[in-house]
1. Take region 466-487 and flag every residue that is part of a strand (DSSP E or B) and of a type in the set (Val, Ile, Thr).
2. Just to check your reading of the model, which residue among Val276, Val264, Val305, Val317 is of a type in the set (A, V, I, L, M), more than 25 Å from Leu411 (Cβ to Cβ) and touching a strand residue (DSSP E or B) at 6+ places or on another chain (Cβ under 9 Å)?
3. Somewhere in region 619-627, is a residue under 21 Å from the mean Cα position of the chain (by Cα) and farther than 23 Å from Arg547 by Cα?
4. Those residues that are among the hydroxyl-bearing types (Ser, Thr, Tyr), more than 24 Å from Thr461 (Cα to Cα) and open to solvent by 10 Å² or more (accessible area, probe 1.4 Å), I need them from region 78-128; list them, please.
5. With respect to the numbered conditions (1) touching a residue at least 24 places away in the same chain (Cβ under 8 Å); (2) on the phi > 0 side of the Ramachandran plot, which one is the sole condition not fulfilled by Lys695?
6. Take the residues in region 536-564 that are open to solvent by 20 Å² or more (accessible area, probe 1.4 Å), of a type in the set (D, E, K, R) and under 20 Å from Asp131 (Cα atoms), then tell me which one is modelled with the lowest pLDDT.
7. I'm trying to understand the selection: among the residues of region 565-597, which are open to solvent by 20 Å² or more (accessible area, probe 1.4 Å), touching a Lys or Arg at 6+ places or on another chain (Cβ under 9 Å), closer than 30 Å to Ala153 by Cα and not in a loop (DSSP other than H, G, I, E, B)?
8. Using the structure shown, decide if Val673 is touching a residue at least 60 places away in the same chain (Cβ under 8 Å) and not in a loop (DSSP other than H, G, I, E, B).
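The values are calculated or read from the model by the stated rules, or taken from the named source; none is laboratory data. Because the structure is a prediction, the values reported are computed rather than measured. Note that each Cβ is placed from the backbone with ideal geometry, even for glycine, and that neighbours are counted across all protein chains shown. Just so you know, the surface numbers come from the protein's heavy atoms only, side chains and all, with ligands and any DNA or RNA stripped out. Shrake-Rupley method; radii C 1.70, N 1.55, O 1.52, S 1.80 Å.
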Amino acid sequence: MFARQAGIAAAMVSVLAVAGYAQLPKDFKPLVFEAEEFSGPQDAWNRNKVTENRWNLWSTDTDARQKWSGGVVLQSPVVKADRDTPENGAPPLHTRITGIPAGRYEVDVRIGRTLAVSLDGKTWQKKSDGDRTLGVFQIKDGTFDLWVDDRYAHAANPGAGYFDFVQFTPVPERIDKPLVAGFAQTRVRETLDRALTAIRTGENAAFLSWRLLAADPPEIAFDVYRRVDGGKPERVNSEPLRDSTCLTDRDAPRSAACEYVLRVVGRPEADKPEGVAKISAAATPDAPAIVFELDDKATVQKVGVGDLDGDGRFDFVLKTPEDNIDPAGNYWKPSPDTYRLDAFSHDGRRLWRHDLGWSIERGIWYSPMIVFDLNGDGRAELAAKTGEGDPRGADGRVESGAEWVTVFDGLTGKPLARDEWPSRQTPGEPYNYNYASRNQICVAYLDGKTPCLIVERGTYTTIRLVAYQFHDGKLHRLWTWDSREETGRGKYRSQGAHIMKAADVDGDGRDEVIIGSSVIDDNGNGLWTTGYGHPDYCFVGEIDPQRRGLEIFYGIEPARAEHALCLVDAATGKVIWGLQEATNHVGTDGMCADIDARYPGSECHAADIDADRKFSKSWTFSAQGQLITDAPPRNLASPVHWDDDTQRELIRGSKITEMSGEVRSGKIEGRVVAIADVIGDWREEIITSTPGQLKIYMSTIESNRRYVTLMQDPIYRIDVAVAFMGYYAPPMLSYDLASKEK
């Protein structure tokens, strides 16, 4: 009669708690009450007839069964502007729901576009499809009243509003989970070498660059020696290098092979040198610093960065090809082939190859993976979502079969351990291929010392996480989290992004997990949520150095009247500043980077598209919320630390420019797949894919600044790691680089 889950008893709100992890009721099924069955008066609507002064009980919509609960929805007249009173337009609907089992519920009114909702028939609030929650209510007598009207227009896309149903979700008892105590006694960190790199820059010139490390004393200085064709080594620099970690050798003979040795001034000659780099006589000026040769003109979609062999240099795992299939609706198509993983050492030696097989469709949402030292042995592992065999259905979709999170040995590619990935089927919810196909993976130092693996299923609806530590060759579960645990404590459902991040947002020495518009505390309880909905991107770091603590910059995809573009306090989720304009669909063209020296901190850029998915408007704000420009800019999506200043430059096609358009470098070939400080000094390398090759470009601009390698910053390092899956975003820092100049 009144609910599709009418058999739910009041006992369903009792909570099952197992080992402090599971927080949900045994049978977590919301009560759903159809609007047309509990609303009146009945003469307030027509059936399948649109008028200006009545609702339309609409059942003939295309794909109505897929769009609306029960295939029917109450459609309002078209509302182009707010009405003065609820009596204007269609009459207000009084929805009186009866037969609700006693208990505590979060109540949502499921609508499309925007409608007016009242709990007393007098005081009205505007509700849209991105903000449906009415609050948490204790139901004692089995009844609930609300009123719905068409007096408000949907600012982003005016038209008819839709009233589908009212949902009552039981509010589970909150059980605080224990703090994580992982295996590590001290923080697991990579042991990096100097990554000395030399590339030829002219007929008789070579550029050399190397790392400054966090453990280096402030007074450390360096000498560089050159040996030509095996001859006697000669010092290149006239004075010890104290203010930079790069130099140009203008006496590198073009016709001879050169070997360079880096030494710390004052250390005995008998000590092992800090680094050795070679340039052959055949080296081409201004060629990429590193080129990996691939088979069959392969193209690279993603790059995983980690020290696979424990030698202090970063190695690489490449996912090929670059194809990407979206699970949603008409975007989906059958995978033409499988993904392949190729691991290379830093000097281009292939270490291993692994085919993910037909159980993993070609798309970033099906194939999350990450490279990181998970067990603290000094060598990085690969963790990936895997399956078995060929479980494709008749149409090519994979909707059955085993799913695993598998840890592979980074040096050999052999599987070491696995556990079940969160199931495609969310308990208590109908199965949906698109929603079930959204998967993410991340690393977070949940106890401040142990690199813990976080796997996720869900973005747009229920979101589920499982946290692990990898120790003694096994995956050990630390906690699980389900967005439905947080019912009644703010909206965590549908708040996921297309990437996960980790950072110590609250300053307690333990990392939190940023899943999108919500943050999960280190112990697996929800910390905060904006409730704004799915962000197409988010950036976490020291965005505004004039404030204490970290910030998060969001671009919110669902239409909003305000704050679709916003900066929030990372510890609390409180909005610091936000866009005060209505938006339709803030999309993937987002950026957060210090590209303008006139303003402290990072500039924040976002763009909106219209109902036809065409460019509508864009904005660039300072970190303090000052609008810099709303003129349509050139692409700002790929910032890189490239020259001698502390601002980032922009990759525009094959050129690297300042924000003003001044060219700083050219000759970058291929599609940019990653930006990271993987070799040389503190400047970032640009990693590109061309058919049959992966190229790593290094800046050859001389610098009189030196900073610790960015890869030893905790936020930056995890950002580089998670760039192996999901939407790509250049890495952020936990500090403001420009502030180090003051």
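1. To start, the set of residues in region 466-487 that are part of a strand (DSSP E or B) comprises 466-471, 474-482.
Listed by number, the residues that qualify are Val466, Thr480.
2. Details: Val276 fails: more than 25 Å from Leu411 (Cβ to Cβ); Val305 fails: more than 25 Å from Leu411 (Cβ to Cβ); Val317 fails: more than 25 Å from Leu411 (Cβ to Cβ).
Answer to the check: Val264.
3. Within region 619-627, none of the residues are under 21 Å from the mean Cα position of the chain (by Cα) and farther than 23 Å from Arg547 by Cα.
4. Within region 78-128, the subset among the hydroxyl-bearing types (Ser, Thr, Tyr) is 85, 95, 98, 105, 114, 118, 123, 128.
Then drop every residue that is not more than 24 Å from Thr461 (Cα to Cα), which leaves 85, 95, 98, 118, 123.
Answer for region 78-128, where residues must be among the hydroxyl-bearing types (Ser, Thr, Tyr), more than 24 Å from Thr461 (Cα to Cα) and open to solvent by 10 Å² or more (accessible area, probe 1.4 Å): Thr85, Thr98, Thr123.
5. With (1) touching a residue at least 24 places away in the same chain (Cβ under 8 Å); (2) on the phi > 0 side of the Ramachandran plot applied to Lys695, the lone miss is (2).
6. Among them, the one singled out is Arg560.
7. Ile576
8. Working: touching a residue at least 60 places away in the same chain (Cβ under 8 Å): yes; not in a loop (DSSP other than H, G, I, E, B): yes.
So Val673 passes the test.
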